Every structure is written in C-alpha cells, then in structure tokens.
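Have a look at the structure below, then the notes.
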Amino acid sequence: MWIGLSERSILLVLRQILTTTIPGDLGAARDAAGYAPISDYAFLSDCRSSALVSADGSIDWLCWPRFDSPAIFGALLDAQRGGSWRIRKVIEIPAEPADAEKLPPLLKGFGAVPPLVTDINLSLDDRFLYVSCWGTGELKQFDVSDPFNPVETGSVRIGGIVRRTAHPRMPATPLNGGPQMVEVSRDGRRVYVTNSLYRSWDEQFYPDGIQGWLAKLNVGRTGGLELDRDFLLEFDDMRPHQVHLEGGDASSDSYCFS
C-alpha cells in the first residue's frame, strides 16, 4: 500500500513517527462515552482488509476478511456494544539524532533518522523475533518466549541512512540501504536480509542511489547475531527486495507441503 507515495505523503508519515509517542499503558484520552477522537486513528491494511487503530492501541473497526466484509469490531460506532480488540506496545525503537548535513532532504528538518521498521519475521519455534530497521541500518533480534516481555538478544549494524556501516568482507566500503526484508531458515540458524524497499522510498531516503546487496547472518543456539564475514552478494544498481529459501523458510508456507 506504500508503493508510489508522494514525498508529501511520506513526510506526513514521518512526522507522526518522529513526534508521536504511544503510551505503553494505553492511556490515550477518550470522552465520557468511551470514544476516541477520529484524528487519533491510524489506518492499517494488508491490501485485502483494513483496520482503524486508535492511539491507545484499540482496534475499533475491522472488516474481515475483505474490505466489503461485515465489521467484526465496531466500537468506532458503538463504544459499548460494537466490540474491539486491544494491542499493547512491548517494543519501542527510537529515532537516532543525526547531523542535518548527513541527512537526505526529506529528513533534514527533523534532525534525526527514524528506524523505519519495514519487516519483521518470527522463527519457526516462535522464540526469536527479527526486526529490520531500514533507516538506521540495524537488524534486531528479540527473545519473545514471553510475548509481553520481549528481551533484546542481538543486534547487527549494516548500511543505514547516516552510518553507512560496511560489511566485514569489504570493511573499507560504506554500504547504503539497510536491512529490509528478512528471511529466516527453517532451522532458525541463518537469517538473510536485502536492502531495497520500493523505488519511490529508496530514492527519497537514499538519494545517492541504492547499491543492492544481500547479506547473511548466523544465529547462535541460545540467541545472538553476527554477520557471515564471507557472505555478501552485490547487485550494483539492481534493487533486491525479497528472497525465499528452497524448501521453505519462516515467512513461507511452503514448508507445510515439504
């Protein structure tokens, strides 16, 4: 749903990311009847269905499984009987302050780099959650054995809007782009990341041009991440967006039929 967004639209999204804090206790203000201001809602969609989520984490409107399906949550219209489902923030990844001279035009006014979380992936044993921060150039690993109390167990830097962290195979070569799409092997021991999102976003956050790459990370048996020092595929001006592993991976249902 983000493909082709204008610079103004992206700027509005960023302003929300960089200036809005959602309270962890879900304490957003509602009126006496239980309704939140319509301006407090975010629109989320997977291009097949959509939801309206308030700033306090309550899904107050959801048509499922299609846009034209009846609403299964309708608290937007009837706070008492319409029904809702509430989510809770358990992980927060802040923006990183940065020198405006090192920022692309779109971010200069903010003086910071947003993490720009573009993908998440869960290992098949439901233990480790991987979060790609395309803006800051970081892949984070969290132990989510207790889903409401995740623990960060690993972090690797590569690329990034400002940092341009190099890969160990080419330590003198700055990389742009950052961990974007994440693929986890079925055994949970290998993680692969590519660095291109979509052309309209690539060109605004990395205006010098994405130089494509695919990197592999190794995962310890009890957690932790490290870049494979010998594995870096370069694509030059081509933009690798996503890869899948033969035989299935953690974000594919192909393993169900192996």
Select from the stretch 184-234 the residues that are within 21 Å of the chain's Cα centre (by Cα) and of a type in the set (F, W, Y) and write down the one among them that is nearest to L124 (Cα to Cα). Y192
So the check is Cβ under 6 Å with 6+ separation or different chains; which pairs have a first residue in the stretch 97-120 that's among the charged types (D, E, K, R) and a second one that's assigned to a helix (DSSP H, G or I)? K108/A100
Which of (1) touching a strand residue (DSSP E or B) at 6+ places or on another chain (Cβ under 6 Å); (2) modelled with pLDDT of 95 or more is the odd one out, the single condition D249 does not satisfy? (2)
What do you reckon, is G160 on the phi > 0 side of the Ramachandran plot, touching a residue at least 40 places away in the same chain (Cβ under 8 Å), assigned by TED's automatic domain parsing to the domain that holds Q211 and surrounded by 16 or more Cβ atoms within 10 Å (Cβ to Cβ)? yes
Name every residue in the stretch 182-238 that is in contact with a Pro (Cβ under 7 Å, 6 or more places away or on another chain), polar (S, T, N, Q) and assigned to a strand (DSSP E or B), in order of residue number. T194
Show the residue pairs meeting these rules: Cβ distance below 6 Å; 6+ apart or different chains; first residue within the stretch 127-146 and under 17 Å from R221 (Cβ atoms); second residue hydroxyl-bearing (S, T, Y). R127/S145; Q141/Y130; Q141/T153; D143/T153
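Table: residues versus (1) at pLDDT below 95; (2) among the hydroxyl-bearing types (S, T, Y); (3) within 30 Å of G111 (Cβ to Cβ).
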{"site": "P171", "(1), (2), (3)": "no, no, yes"}
{"site": "N195", "(1), (2), (3)": "no, no, yes"}
{"site": "A215", "(1), (2), (3)": "no, no, yes"}
{"site": "T222", "(1), (2), (3)": "yes, yes, no"}
{"site": "L232", "(1), (2), (3)": "no, no, no"}
{"site": "D237", "(1), (2), (3)": "yes, no, no"}
{"site": "V243", "(1), (2), (3)": "yes, no, no"}
{"site": "S254", "(1), (2), (3)": "yes, yes, no"}
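The values are calculated or read from the model by the stated rules, or taken from the named source; none is laboratory data. Quick caveat: nothing in here was measured; it's all calculated off a predicted structure. Because the Cβ atoms are built from the backbone with ideal geometry, glycine has one as well, and the counts that use them run over all protein chains shown.
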